[in-house]
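Please treat every number below as a calculation from the coordinates, not as lab data. Here the structure is a predicted model, which is why all the values come from computation and not from measurement. As a convention, Cβ positions derive from the backbone with ideal geometry for all residues, glycine included, and neighbour counts pool all protein chains shown.
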Amino acid sequence: MTAVPAILGRRSTGERVRGGAFYGLLVFSITVGFVLLGTLLIDVFRKGIPFLDTVLLTEPPSATPEKAGARPAILGTIYMMGLLLLMAVPVGVGTALYLEEYADRDRWYNRLLEINIQNLAAVPSIVYGILGLAFLVRGLGLGRVLLAGAMILTLLVLPIVIVSSREAIRAVPDSISQGAYALGATQWQVISRQVLPAAIPGIATGSILALARAIGETAPLLLVGALTYVAIDPTILGQFTALPIQIFQWIARPQGDFKLLAAAGIIVLLAILLVMNAGAIWLRNRYQRRW
Amino acid sequence: MGFRLTPRLVLLALLVTLVATLAAGCGRDDESDGANTAASETDTGGGGEELSGDIEADGSSTVGPLTTAAAELFREEQSGVNVTVGTSGTGGGFERFCAGETDISDASRPIKDDEEVPICEEKGVEYIEFEVAVDALTIAVNSENDWATCLTTEQLNAIWEPGSKIKNWKDVPGGDFPDESMSLAGPGTDSGTFDYFTDEINGEEGASRSDYTASEDDNVIVQAVAGEKGALGYFGYTYYEENQDTLKAVEVDSGDGCVAPSVETAQAGEYTPLARPLFVYVKKESLERPEVKEFMRFYLENLDTIAETAQFIPLTEEQTAEQMTKYDEAVGS
C-alpha cells in the first residue's frame with residue numbers, strides 16, 4: 001500500500017507538469033481561433049443584420065445605402081462557384097487518378113508534373129490574375145467575362161483539388177483493388193466501381209477547401225475585369241461582379257451605412273459557403289465507409 | 001481520415017444558415033426616403049424613345065460613385081441600357097480607355113499629356129473631357145488637436161516634401177506648435193488624389209516623402225488620423241464630411257488668408273490650391289451611339305441631383321451650363 005502512491009507520485013511530478021502544460025497549450029490554441037472567429041462573427045452580425053433583407057438579395061447596387069442590394073454580385077458568385085465545380089472537380093480528380101493509378105513514377109516527366117502541382121498551390125493568387133488577363137482575356141480574346149473569372153479561379157484551386165484527391169485515392173486500401181483485380185476486373189472497372197466511390201468522401205473534403213478558397217478571392221477577379229457596378233444579372237459570357245468585390249467596394253465608401261451593408265454582404269457570403277459545405281458534407285456522409 | 005463531420009455538425013451548419021435567412025426579415029431602418037425623391041426630381045426630357053445597348057465606364061475610384069449614381073438614375077428612365085462602372089483607378093482607367101476598351105473614363109485628374117495622350121492618339125481614340133463635380137482635398141487632423149487650425153502651403157510642403165525630416169509638430173516652420181509627435185497618413189501612389197496633392201503642394205507629381213502610412217482605402221487614412229492625437233492626413237472631402245465627429249479639417253492658406261474646405265469655398269474657387277475638378281472622358285466614337293449620347297446628356301443635365309445622391313460637391317450653375325455647351329457642340333445639334 002505504501003509503495004503504490006510513491007510510484008504514482010514520482011511519475012506525476014515530472015510527467016504531469018509536462019502533460020498539463022501540453023494540455024494548456026492545446027486549450028490556448030483552440031481559444032485563440034474561437035475568440036478571433038467569434039469576435040469577427042459577432043461584429044459582422046451585429047452590424048449586418050439590419051441590412052440583411054430582401055432588398056440586399058433582389059436589388060442592384062445603388063448610391064444610396066437604403067436602396068442598395070447585391071443581386072448581381074450574389075448571382076455572379078453563385079454562377080462562378082457552379083462553373084468552378086464543373087471544371088475543377090473533373091479535371092482535378094482526373095489528374096489525381098492519372099498520377100495515382102496510371103503514372104509511372106520512375107519517369108522523369110511524371111515526377112516533374114508532381115513537383116509542379118505541389119508548387120502551384122503556393123503561387124499567390126494575383127499571379128493567376130495576371131495570367132488570366134494576359135492569356136484568357138487578351139490572348140484568347142475571351143474578354144472580361146464571368147467565364148474568364150471562373151476559369152482563373154479553377155486554375156487557382158486546381159492544385160488543392162488534385163493534392164487532396166490524391167490523398168483520398170491513396171487512402172483506399174490496396175486490398176480492395178487487389179481483390180477486384182483477383183476477381184478479373186479491368187483497371188477501368190476497379191477505378192470506377194471500387195476506388196472512386198470509396199474516395200468520394202475525401203474528394204468532397206478537398207472540393208470544400210477549394211471552394212472556400214475561391215469564394216473569397218478578390219485580386220485575380222479584379223484583374224480579369226470584375227466590375228464594381230453592374231446592374232443586370234450576370235451571364236456566363238457577360239460582364240460580372242462578385243460578392244467579395246462588392247463588399248470591398250462598399251467598405252471603401254465614405255458613408256458609414258455602406259460599411260453596415262458590407263457586413264450584410266459578408267453574412268450572405270458566409271451563408272452561401274455554408275450551404276455549399278453542407279452539400280459536400282452530405283455527400284461525404286452518404287459515401288463514408290469503414291474498413 | 002482524421003476529423004469527421006457528423007450529422008450533428010451538418011445540422012449545426014444548416015441551423016446557422018437558417019438563422020441568417022430568418023434575420024432577413026428584419027429590414028433596414030429608413031426605407032429609401034431621400035433616394036426616391038432624388039430620383040423623381042431628375043429631368044426626363046428627350047422624349048420617350050426606348051434605347052438599348054451596353055455602356056462601359058472605368059477609372060477613378062473617387063469619381064466612380066458619381067458615375068454609378070448617374071447610371072443608377074439613368075436606368076429608371078432607360079432600363080434597356082446597361083451601364084457598367086469599374087474602378088481600376090484613374091491611371092488604370094485611361095489605360096483601358098486609350099486601348100479602346102471603354103466608352104467612358106472616370107478621372108480625378110486631367111489626362112497626362114506626356115504619357116497617356118500619345119497612347120490614345122496612337123490607337124486613334126479621340127475623346128471629349130467633361131467636368132462633372134468638384135472635390136476639396138481635405139487636410140485633416142485629430143479632433144483633439146487644438147493647435148493646428150490653419151496651415152500655409154509652405155508648411156504643408158515642408159511636412160510632405162521628399163526627404164522631409166519633420167516628425168514633431170514643433171519642427172513645423174513658422175508654426176509655433178507644441179511639442180507633440182506627428183504621424184502622417186495619406187493615399188498610396190496609385191491614387192489620383194496623391195498625384196494631385198503632390199503636384200500642388202510639392203510642385204511635382206509623385207514627389208512626396210514616403211515614410212507615412214499609405215493606403216488606397218481612404219477609410220484607413222481616416223482611421224489613422226482619428227486614432228492619434230498628433231496625426232495629419234489628407235483625403236477627399238466626403239470622407240471628412242462623414243467623419244466630422246472624429247476629425248478636424250485644417251484651413252489652408254495659399255497666400256490670401258486661411259480658407260476652410262467646404263462646398264461653398266470649393267465651388268467658388270477660393271479653396272486653393274486643393275479644390276480640384278473631377279472629370280469624365282468620353283470617346284467621340286462612342287458618343288455617336290444613341291445610348292451613350294443620351295446617357296451623357298442625362299449625366300450633365302442632372303449633375304446636381306446626381307452629385308446630391310452620391311454626396312459630391314456639385315458644379316456651379318455657370319460651370320454646368322459650360323459643360324452642356326461643350327456637349328451640344330460635340331454632338332453637333
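Points to keep in mind about this one:
- Test item: Cα-centred dipole of chain A, Lys/Arg +1 and Asp/Glu -1 on Cβ, debye: 660 debye
- Comparing A:L142, A:L26, A:L223 in a Gaussian network model of chain A (Cα springs below 10 Å), the most mobile by mean-square fluctuation is A:L26.
- Considering only the protein assembly as shown, percent of DSSP beta bridges that pair antiparallel, nearest 5: 60 percent
- Antiparallel DSSP beta bridges within region B:138-273, percent to nearest 5: 55 percent
- Length added when fully stretched, A:L86-A:V35, from 0.36 nm per residue minus Cα-Cα: 14.8 nm
- Distance from region A:33-67 to region A:252-291 (C-alpha centre basis), Å: 13 Å
- Springs between Cα atoms under 10 Å define the GNM used for chain A, and in it the highest mean-square fluctuation of A:A231, A:A63, A:A210 occurs at A:A63.
- Here the simple spin-label model places points 7 Å from the Cα toward Cβ, and for A:R111 and B:S181 these points are separated by 5.5 nm.
- Among B:Y237, B:Y212, B:Y299, residue whose mean-square fluctuation peaks in a GNM of chain B (springs only between Cα atoms under 10 Å): B:Y212
- Averaged over the residues of A:49-57, the number of partner chain Cβ atoms lying within 10 Å of the residue Cβ comes to 5.
- In a reduced charge model with +1 at each Lys and Arg Cβ and -1 at each Asp and Glu Cβ, the protein assembly as shown shows a dipole moment near 6180 debye about its Cα centre.
- Estimated 222 nm signal from helices in chain A, with DSSP H stretches of n ≥ 4 weighted -39500 (n - 2.57), rounded to 500: -22000 deg cm²/dmol
- Using θ = phi - 60° in the Karplus curve 6.51 cos²θ - 1.76 cosθ + 1.60, the 3J(HN,Hα) couplings for region A:63-74 round to 7, 9, x, 5, 9, 7, x, 9, 3, x, 6, 4 Hz; x is entered for Gly and Pro.
- Per-residue shielding of A:62-72, expressed as the average number of other chain Cβ atoms within 10 Å of the residue Cβ, stands at 6.
- Using C-alpha pairs under 8 Å with a sequence gap of at least 6, the mean separation divided by the residue count of chain A gives a relative contact order of 26 percent.
- Among B:G93, A:L112, B:V222 - extreme Cα towards positive end, dipole of the protein assembly as shown, charges at beta-carbon: A:L112
- Region B:138-273 shape via C-alpha gyration tensor axes, a/c threshold 1.5: rounded
- Region B:263-333 and region B:185-247 have their alpha-carbon centroids 26 Å apart.
- Lysine pairs in the protein assembly as shown with Cα atoms under 20 Å, if 8 or more residues apart or on separate chains: 19
- Ordering B:I128, A:I176, A:G20 by Cα displacement along the dipole of the protein assembly as shown toward the positive end leaves A:I176 in first place; charges were set at the Cβ atoms of Lys, Arg (+1) and Asp, Glu (-1).
- Antiparallel bridge percentage (DSSP; both residues within chain B; nearest 5): 60 percent
- Contact order relative to length of chain B, as percent, for alpha carbon pairs under 8 angstrom and 6 or more apart: 23 percent
- Relative contact order [Cα under 8 Å, 6+ residues apart], region A:122-277, whole percent: 29 percent
- Judged by the gyration tensor of its Cα atoms, with axes a ≥ b ≥ c, region A:96-169 is prolate; a/c meets the 1.5 cut and a/b is the larger of a/b and b/c.
- Ranked by how many other Cβ atoms sit within 10 Å of their own Cβ, fewest first, the residues B:T193, B:T67, B:T238 fall in the order B:T238, B:T193, B:T67.
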